[in-house]
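Let me begin by presenting the structure, written as structure tokens, before commenting on it.
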């Protein structure tokens, strides 16, 4: 049978109500980048420009697009939407809140377009706005975001440019509506303003308003890319720069109720080859050449174990049970994700694998062959200057067992699987019944699950069983006769098949054991096939 999921959360809502308008007036733009940082960083960037008549604004979408690119470089998954109607804006905000609720990561919400205030309420204008008091309330958006359960919200408002023209849409051209007001304090939230309450924020500084970016966003983009600066330090730097450039006409500010510090960028340093670097269980990420980080890796201690069907319940290819000694190595904390693999594919001009219409981002990559997996490991080695490869079959089973001698790293009872793995369970059975036994529990996923959603094993590795089957380096052999006992790769040029381990989202209990193995053609691709990588020490 072929093979067929923690983090303390910061909900960062960077809510730049900054009239961002793109030169081409496209009406919706999807995700422009995907990243795999844990906790997950998700940004929704909205830029509304296409207001009719005198209500049109020039700079904002430039700001939105440019800021979105910067956020991509800061390991955010960025969704860019432009020129939204009231109906579409409500839908987009609701979808974003739902995604935050599921991922429980860092949420960054950025709105750019016309905004005004009345009776201590701030309003955000869609491009088809008719009456301001029927537009989207800031308080409603904050309520949606706080209900997601994220720990912290950061809201940055850069609206209050010019009050919209009353003759076109019935909006009041009233000085009382100029600027934004300070809403009531929201726990665990930082609210920043591009200008003082009741004051306008400038679109430009040049006499002909030919600036590409507004002064606030220009300096915001500059300072969020500086390492080791907290959000508070960033905003203070931005305030000084904006006041200086505008000769005091614009003075940004903020109000902070955050419980935890947030940093847009943490300085990346090359790991030093010292003893601390190689502590068992230590997690590290090697920097790539573009300054981003590779997959999270966990150091696995050296040791010996009994490999194969030690519970005497498996197949003949899991025999004979034999003792194997393993040198220490580092293994991917998670299966390689779409975000990680897509970065490789883009860098090497390879075709991105199909996601079967499920999800990309932090979901494990699927539809990759053994050759694809080895090519990714080779690219990672070139990018980091370190040695990355697929695990040997012995390394994989040693890491999956994590010191246990039971059938699975949580024990022998398959019906306890749903706290630890995404497998064929009641959730999937409700949608599709297979002709084999299921795990009598609910894991909540009918297909692949985002990595890291379930409990890890004792080595701190997630999804070693289930989710997707994982390629290993070894060729397939019908049994363990003459298998290496030093953890090395077992190859044979005559053999056509490679080994796949770990089971997947649709596997039954018997094929979801630490000892279970399968042989698959190296060019095979499937919605149940993925992989993870290992790295070896180059300095003892």
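The values are calculated or read from the model by the stated rules, or taken from the named source; none is laboratory data. Predicted, not measured: the structure shown is a model, and the values here were computed from it. Ideal geometry is used to build each Cβ from the backbone, glycine not excepted, and the neighbour counts take in all protein chains shown.
Out of all the residues in the range 146-158, is one or more at pLDDT below 70 and in a helix (DSSP H, G or I)? Looking through the range 146-158, none of the residues is at pLDDT below 70 and in a helix (DSSP H, G or I). Could you please let me know if residue 409 is in contact with a strand residue (DSSP E or B) (Cβ under 7 Å, 6 or more places away or on another chain), farther than 20 Å from residue 337 by Cα and modelled with pLDDT of 95 or more? So residue 409 fails the test.
Restricting attention to the range 268-291 and to residues that are at pLDDT 90 or above and either touching a helix residue (DSSP H, G or I) at 6+ places or on another chain (Cβ under 9 Å) or more than 21 Å from residue 377 (Cβ to Cβ) (or both), the residue that is surrounded by the fewest Cβ atoms within 10 Å (Cβ to Cβ) turns out to be 289. Within the span defined as the range 467-475, one or more residues are assigned by TED's automatic domain parsing to the domain that holds residue 310, buried (at least 23 other Cβ atoms within 10 Å of the Cβ) and part of a loop (DSSP other than H, G, I, E, B). Restricting to the range 106-121, count the residues that are touching a strand residue (DSSP E or B) at 6+ places or on another chain (Cβ under 8 Å) and surrounded by fewer than 24 Cβ atoms within 10 Å (Cβ to Cβ). Qualifying residue count, the range 106-121: 2. Only one entry in 451, 499 is in a strand (DSSP E or B), outside the structural domain of residue 99 (by TED's automatic domain parsing) and within 30 Å of residue 429 (Cα to Cα), namely 499. Taking the condition of being under 17 Å from residue 298 (Cβ atoms) and within 30 Å of the chain's Cα centre (by Cα), how many residues in the range 397-425 meet it? Count: 8.
Need pairs with beta-carbon distance below 9 Å; first residue under 14 Å from residue 70 (Cβ atoms) and outside the structural domain of residue 45 (by TED's automatic domain parsing) and within the range 203-227, second outside any loop (DSSP other than H, G, I, E, B) and at pLDDT 85 or above; sequence gap 6+ or separate chains. Cβ pairs passing all conditions: none. All of (1) touching a helix residue (DSSP H, G or I) at 6+ places or on another chain (Cβ under 9 Å); (2) in the same structural domain as residue 66 (by TED's automatic domain parsing); (3) at pLDDT below 90 hold for residue 235 with one exception: (3). Considering only the range 317-338, state which residues are over 17 Å from residue 484 (Cα atoms) and surrounded by fewer than 21 Cβ atoms within 10 Å (Cβ to Cβ). Within the range 317-338, none qualify. Evaluating residue 394 against the criteria (1) in contact with a strand residue (DSSP E or B) (Cβ under 7 Å, 6 or more places away or on another chain); (2) over 14 Å from residue 515 (Cα atoms); (3) not in a loop (DSSP other than H, G, I, E, B) leaves one unmet condition, (2).
Please indicate, with yes or no, whether at least one residue in the range 419-426 is crowded, with 19+ Cβ neighbours inside 10 Å and assigned to a helix (DSSP H, G or I).
There is no residue in the range 419-426 that is crowded, with 19+ Cβ neighbours inside 10 Å and assigned to a helix (DSSP H, G or I).
Looking across 373, 330, 339, 377, one residue alone is under 15 Å from residue 532 (Cβ atoms), in the same structural domain as residue 498 (by TED's automatic domain parsing), in contact with a strand residue (DSSP E or B) (Cβ under 9 Å, 6 or more places away or on another chain) and outside any helix (DSSP H, G or I). It is 330. Exactly one residue among 127, 79, 57 is touching a helix residue (DSSP H, G or I) at 6+ places or on another chain (Cβ under 8 Å), modelled with pLDDT of 80 or more and either surrounded by 17 or more Cβ atoms within 10 Å (Cβ to Cβ) or more than 30 Å from residue 208 (Cβ to Cβ) (or both), and that residue is 79.
Just one of the listed residues (491, 457) is in a loop (DSSP other than H, G, I, E, B), within 31 Å of the chain's Cα centre (by Cα) and closer than 30 Å to residue 303 by Cβ, and it is 457.
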